[in-house]
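Structure, as structure tokens:
The values are calculated or read from the model by the stated rules, or taken from the named source; none is laboratory data. Fair warning: this is a prediction, and the values are worked out from it, not measured in the lab. A quick note on method: Cβ atoms are made from the backbone with ideal geometry, for glycine too, and the neighbour counts reach across all protein chains shown.
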Ligand code: SOE
């Protein structure tokens, strides 16, 4: 990591005066808002960026709460109406960190106003919304504006290394993609009915929240799209206490299980759940190809397991790659080998990649078009689960 830089007294770090700023306006300041704030704040301190991210304006509906969040996370100003944030001249990029039901409206308005946009995942709550967003992003790109969706796990160095090894041919033809995302924060039936459990706010449950990540990671690593899926979903606890008292219905899935086929013929399996007791944030990936295999677990995110199937059988086997070397993705700017990174660094890398794409006029990835592809898979999973068509009951 570059030596810590002292403040120049005016809030500008020495040497940055000649870098054009990229002024961020962010809508939402809860979990994702805090993570994105950290990403924007840190990216320019660690990486040598072509433009300097500036935490310009933070927006939320509750004036006191948004002011407190702005102070905590280092934002210069606040707004309580996202339309006012978009109208401001001191905002170049709008970062959408709200629940899914407002993604489309905010992102479309921001693109129409000539802002760059970063939007949290899943891109939208419906395919129709995602289509409109992808179309608007394409039109905005022609006018020099960029839009990216926040699938941050692509930015874990070990996941990016896995992609590099796959493109280098280390796995050969892929046969299996096996991904799961396991959390357990809903196991308690008394856990309250928050917006994440309401379809009108979140779009879907574990499927859109966790399944969207593993669908994106699977397609990113395989380098191709899923051609079809067959699915089961379940809502284990159908009624939950409301924060304001009483109880209400859970209108999203608690867990989703599905299989899929890639156009190349590789088979994939997916699991997304908030009921995997003891699993906190276990995004797991295993890929098997004709020349080798790779395995990853987000709960051990500085490690990638690799089996080189071309080695003689007598001493072949999975070995651990400690992904902390300077020639591993993103790591030349961080700590010496062995001094690992964590969850929050994915947001720093996301900010870094977006700033580069904007400054260099490249289409950022994952684009809104990539977000739309994930949205189509989510819809296909829901359709398949609703039809129950893949589910063959066993007759005893
Ligand atoms: C849900 O618990 C959640 O916060 C997701 O919404 C995030 O996308 C994931 O990265 C961590 O878990």
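So which of 235, 273, 259, 277 is touching a helix residue (DSSP H, G or I) at 6+ places or on another chain (Cβ under 6 Å) and in contact (Cβ under 8 Å) with a residue 12 or more places away in the chain?
After applying the criteria, what remains is 273.
Look at residue 382 and say whether it is away from the ligand (no atom under 16 Å from the Cβ) and more than 23 Å from residue 224 (Cα to Cα).
Answer is no for this residue.
Out of 279, 284, I need the residue that is in a loop (DSSP other than H, G, I, E, B), within 16 Å of the ligand (Cβ to nearest atom) and in contact with a strand residue (DSSP E or B) (Cβ under 8 Å, 6 or more places away or on another chain). Which one?
Answer to the selection: 279.
I'm trying to understand the selection: among the residues of region 311-330, which are in a loop (DSSP other than H, G, I, E, B) and either under 26 Å from residue 345 (Cα atoms) or out of contact with any strand residue (DSSP E or B) (no Cβ under 7 Å at 6 or more places or on another chain) (or both)?
Scanning region 311-330 gives 311, 312, 323, 324, 325, 326, 327, 328, 329, 330.
Which of the helices (runs of 4 or more DSSP H) found entirely inside region 85-181 contain at least 2 residues meeting this: assigned by the TED database to the domain that holds residue 59 and touching a strand residue (DSSP E or B) at 6+ places or on another chain (Cβ under 7 Å)?
Ranges flagged: 103-112, 127-142.
Residue by residue through region 207-221, note down the ones that are touching a strand residue (DSSP E or B) at 6+ places or on another chain (Cβ under 8 Å) and within 13 Å of the ligand (Cβ to nearest atom).
207, 209, 210, 211, 213, 214, 215, 217
Quick one: which residue in 338, 342 is within 16 Å of the ligand (Cβ to nearest atom) and without any contact (Cβ under 8 Å) to a residue 60 or more places away in the chain?
Checking each option against the conditions leaves just 342.
Can you spot a residue in region 343-358 that is more than 18 Å from residue 219 (Cβ to Cβ), modelled with pLDDT of 95 or more and assigned to a loop (DSSP other than H, G, I, E, B)?
yes
Quick one: is residue 243 farther than 18 Å from residue 380 by Cα and either away from the ligand (no atom under 16 Å from the Cβ) or modelled with pLDDT under 95 (or both)?
It is true that residue 243 is farther than 18 Å from residue 380 by Cα and either away from the ligand (no atom under 16 Å from the Cβ) or modelled with pLDDT under 95 (or both).
Hey, can you tell me all the residues within region 297-310 that are touching a residue at least 24 places away in the same chain (Cβ under 8 Å) and within 15 Å of the ligand (Cβ to nearest atom)?
298, 301, listed by residue number.
Quick one: residue 385 ticks every box in (1) buried (at least 21 other Cβ atoms within 10 Å of the Cβ); (2) under 19 Å from the mean Cα position of the chain (by Cα) bar one, so which box is it?
(2)
Given (1) under 20 Å from the mean Cα position of the chain (by Cα); (2) buried (at least 17 other Cβ atoms within 10 Å of the Cβ), where does residue 31 come up short, assuming only one miss?
(2)
Could you list, in sequence order, all residues of region 182-206 that are surrounded by 16 or more Cβ atoms within 10 Å (Cβ to Cβ), assigned to a helix (DSSP H, G or I) and away from the ligand (no atom under 12 Å from the Cβ)?
Result: 199, 201.
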